[in-house]
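What follows is a set of notes on a single structure, which appears directly below.
Just so it is clear, none of the values below were taken in a lab; they were calculated from the coordinates. In this text the structure is predicted, and so the values were computed from the model without any measurement. Don't worry about glycine lacking a Cβ; one is built from the backbone with ideal geometry, like all the others, and counts go over all protein chains shown.
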Amino acid sequence: MLSVCVLASSSFAAVPAYAIDVHPTVEEVQVALDQGKESAQRQSPPETFYVRFGATDELHLNGFLITKLSGLSVMATHMALRGIQPSETDVTQILEGQTMLVSVSIFGNALNFAIGSYMVFDQGGKTIKPVTVRFDGVASRSAAWPESPRFKAKVVASFNYADFDPNAKTTITVFPANGGESSFTVDFSQIH
């Protein structure tokens with residue numbers, strides 16, 4: 001088992017709230033939208049608002065999650081890069097979302113190694129199962145190609161906000177279909 005302890009990071013630092021805010025204030029929503037617009041003006045990519053965990057290189061396990069506030073900034077950046085602004089409907093859709101997306105990159109030596117992979121949260125001994133899990137059916141070549149690990153794939157899960165504590169230290173564990181597991185410890189209370 002590979003276990004990685006990390007403090008989640010994001011460039012989304014100006015919002016004063018900490019933890020995964022399931023019900024952000026009007027002020028927090030506006031700050032998130034403004035940050036997305038400013039990011040587009042700097043030509044920064046929307047993914048700078050992803051909350052990342054794990055390794056920062058191309059050959060080790062890593063992942064990201066998207067909270068409601070980071071999702072607003074991502075959307076605002078995408079739209080501002082196209083010269084448009086999010087509508088009230090766009091904002092409401094994100095704010096009323098019931099799930100948080102978590103994506104983890106895993107590595108293997110077979111083209112289809114990620115098929116059947118699974119992901120869970122553990123918070124103080126309580127296992128939280130995702131609402132949905134999807135994975136790359138065909139992996140892409142890793143930076144190590146043709147050496148091991150030869151392939152890289154994503155496992156993406158959506159977790160219902162009502163099922164987990166948005167303020168808890170959380171272990172995110174991915175179970176590749178071919179066996180083994182990889183874990184990340186992320187302190188949700190430190191996400192901002």
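Over the chain, dividing the summed -39,500 (n - 2.57) contributions of all DSSP H runs of at least 4 residues by the number of residues returns a 222 nm mean residue ellipticity of -6000 deg cm²/dmol.
Taking the Cα centre of segment 2-190 as origin and charging only Cβ (+1 Lys, Arg; -1 Asp, Glu), how large is the dipole, in debye to the nearest 20?
Values: 13 positive and 18 negative charges, 110 e Å.
For segment 2-190, the charge dipole is close to 520 debye.
Modelled spin labels at L111 and H23, positioned 7 Å past Cα toward Cβ, are 5.1 nm from each other.
I'm spelling it out carefully: the read-out is Cα extents along the principal axes in Å, the candidates are (1) 42, 38, 34; (2) 52, 40, 26; (3) 46, 37, 26, and one was derived from this structure. Which label? After the calculation, the listed value that fits is (3). Restricting the calculation to alpha carbons of segment 37-80 gives Rg and Dmax of 11.7, 33 angstrom. Here K126 is the anchor, and the lysines within straight C-alpha reach of less than 27 Å, apart from those fewer than 8 places off in the same chain, are K68, K154, K169. Rounded to the nearest Hz, the phi-derived 3J(HN,Hα) couplings of segment 98-104 under the Karplus curve 6.51 cos²θ - 1.76 cosθ + 1.60 (θ = phi - 60°) are 9, 10, 10, 8, 10, 10, 10, where x marks glycine and proline. For segment 45-127, GluC sites (Glu not before Pro) are listed when DSSP marks them as loop and at most 10 other Cβ atoms sit within 10 Å of their Cβ; the list is E96.
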